[in-house]
Each structure stands twice: as structure tokens, then as C-alpha cells.
Amino acid sequence: HFERKPAQPGKPHGLVQGEPCRLEIVARGADGARGIHEVEGQPLHDEAGRFVQYALLATEITRLKDAEAALRSSESFFRVLFDNSPVAAAIQGADYRLARVNAAYARLLGRPAEEVIGRDLIEFVHADDRAEQLAQRRAPLRQGEVTAFERRMVDQKAHHVALGLKIQ
């Protein structure tokens, strides 16, 4: 049993036209086991330049495709868990800019998430604490080490917000 991804609507498949092509084929064995293969075809021509046949190379990619699907599912699960968590959570890049914040984090700062993402977290630290926070940045983190500390932040209305943070 074979399944093939269809060609673009209205355009004949490259196989019909004797063009180089790449296909993914799903095949099921007699036992029902599924196998996914990537088949790459290069046309072969005779001396007159006429297409005569294909040279095909098939690579079994079932485990790769299954791993990609598992990763997409895992990413989706993380996204839902992160975005809907009642606990304020943020992902900060190596440049100290906020790459992602959830709604609880945005509420904590009294700002929409879109206004917070892309900004350096130090912008939201209480002015009296910025020098200490900048000094902590220079201290190296070791792989797998968890660092916990408190930080005073300032929300959009200049209210002080105390945070307990863990960085890993």
C-alpha cells in the first residue's frame, strides 16, 4: 500500500515531465508496519537528449519523521503549558532580552506582552538595584546550576513588584 503527497494542483508532477524530483512515499508492509521513504529521482537521457528513465535513490526516513512529529507535539505542549500557566514565566536570551513572556508575567509588569518582548529585563528592574543586577550578570553560571535570588521590579505605573527568581 502506497501513499504519495500530491503534486501542486494544476501542475503535472515532475515525474511525468522527466524532471528531477523528490517524493515522500508512505508504504505499509504485509504486517501493517508503516515506513516512510524519501525518493529522489534524476532523469536519464539517451544520446539524442530524450528522457528514457530515472535513476532513483530511496532513503528510509521513518524514524526522522516520527522524531519531527514528536518534537512538534512537545513544542505544542510546552507552548500551551507556558502560555497558560498562572505562574509568571519568561524566557530571556543570551543578550538579556526577553524572548517570550506569558500573560502572568506581562500582568506582573502591568504591560502587554508585546511591549515587554524584545526588551532587556534590566529596564524593568528598580533603579536602586540595577548596578547589583548588572554585576550578577557578569558572574558565570555553571551548567545545570540553579541560582535563586530576589529582584525588585517596577511595573508600568511605577509600583514596586518583588520577585523571587530561579535561573537555570
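The values are calculated or read from the model by the stated rules, or taken from the named source; none is laboratory data. Computed from a predicted model, the values in this text were never measured in an experiment. All Cβ positions, even for glycine, are placed from backbone atoms using ideal geometry, and neighbour counts span all protein chains on display. These accessible areas exclude ligands, DNA and RNA; they are computed on the full protein's heavy atoms, side chains included. Shrake-Rupley method; radii C 1.70, N 1.55, O 1.52, S 1.80 Å.
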Practice task
Test PHE77 against the stated conditions and say whether it is among the aromatic types (Phe, Trp, Tyr), in a helix (DSSP H, G or I) and either under 30 Å from ILE25 (Cα atoms) or touching an Asp or Glu at 6+ places or on another chain (Cβ under 8 Å) (or both).
Solution key: yes
Exercise for the section: List every residue pair whose Cβ atoms sit under 7 Å apart, with the two residues 6 or more apart in sequence or on different chains, where the first one lies in the stretch 120-132 and is over 15 Å from LEU109 (Cβ atoms) and the second, anywhere, is assigned to a helix (DSSP H, G or I). Expected result: ARG130/ILE122
Exercise for the section: Would you check which residues across the stretch 138-158 are open to solvent by 60 Å² or more (accessible area, probe 1.4 Å) and either part of a helix (DSSP H, G or I) or not acidic (Asp, Glu) (or both) and list them? Expected result: ARG138, PRO140, LEU141, ARG142, GLN143, VAL146, ALA148, ARG152, GLN156, LYS157, ALA158
Exercise for the section: Can you confirm whether the stretch 97-119 contains a residue that is in contact with a Phe, Trp or Tyr (Cβ under 6 Å, 6 or more places away or on another chain) and touching a residue at least 60 places away in the same chain (Cβ under 8 Å)? Expected result: no
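Rundown of residues vs (1) under 30 Å from ALA158 (Cα atoms); (2) at pLDDT 90 or above; (3) assigned to a strand (DSSP E or B); (4) acidic (Asp, Glu), yes/no style:
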site: ALA7; (1), (2), (3), (4): no, no, no, no
site: ASP31; (1), (2), (3), (4): no, yes, no, yes
site: TYR54; (1), (2), (3), (4): no, no, yes, no
site: ALA104; (1), (2), (3), (4): yes, yes, no, no
Fill in the blank from the handout: Counting only residues in the stretch 143-168 that are in contact with a helix residue (DSSP H, G or I) (Cβ under 8 Å, 6 or more places away or on another chain) and farther than 12 Å from ARG111 by Cβ, the one modelled with the lowest pLDDT is identified as PHE149
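Yes or no, residue by residue, for (1) in contact with a helix residue (DSSP H, G or I) (Cβ under 9 Å, 6 or more places away or on another chain); (2) part of a strand (DSSP E or B); (3) within 17 Å of GLY164 (Cα to Cα):
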residue: ALA88; (1), (2), (3): yes, no, yes
residue: ASP95; (1), (2), (3): no, no, no
residue: ALA99; (1), (2), (3): no, yes, no
residue: LEU108; (1), (2), (3): no, no, yes
residue: ARG111; (1), (2), (3): yes, no, no
residue: GLU115; (1), (2), (3): yes, no, no
residue: ILE122; (1), (2), (3): yes, no, yes
residue: ARG130; (1), (2), (3): yes, no, yes
residue: ALA135; (1), (2), (3): no, no, no
Practice task
Go through the stretch 123-135 and give me each residue that's open to solvent by 30 Å² or more (accessible area, probe 1.4 Å) and under 29 Å from the mean Cα position of the chain (by Cα).
Solution key: GLU123
Practice task
Take ALA113 and decide whether it is among the small types (Gly, Ala, Ser), out of contact with any strand residue (DSSP E or B) (no Cβ under 9 Å at 6 or more places or on another chain), modelled with pLDDT of 90 or more and surrounded by 11 or more Cβ atoms within 10 Å (Cβ to Cβ).
Solution key: no
Handout entry: Residues that are in contact with a strand residue (DSSP E or B) (Cβ under 8 Å, 6 or more places away or on another chain), under 30 Å from CYS21 (Cα atoms), open to solvent by less than 60 Å² (accessible area, probe 1.4 Å) and of a type outside the set (Phe, Trp, Tyr), drawn from the stretch 54-101
Key = ALA55, ILE61, THR62, LYS65
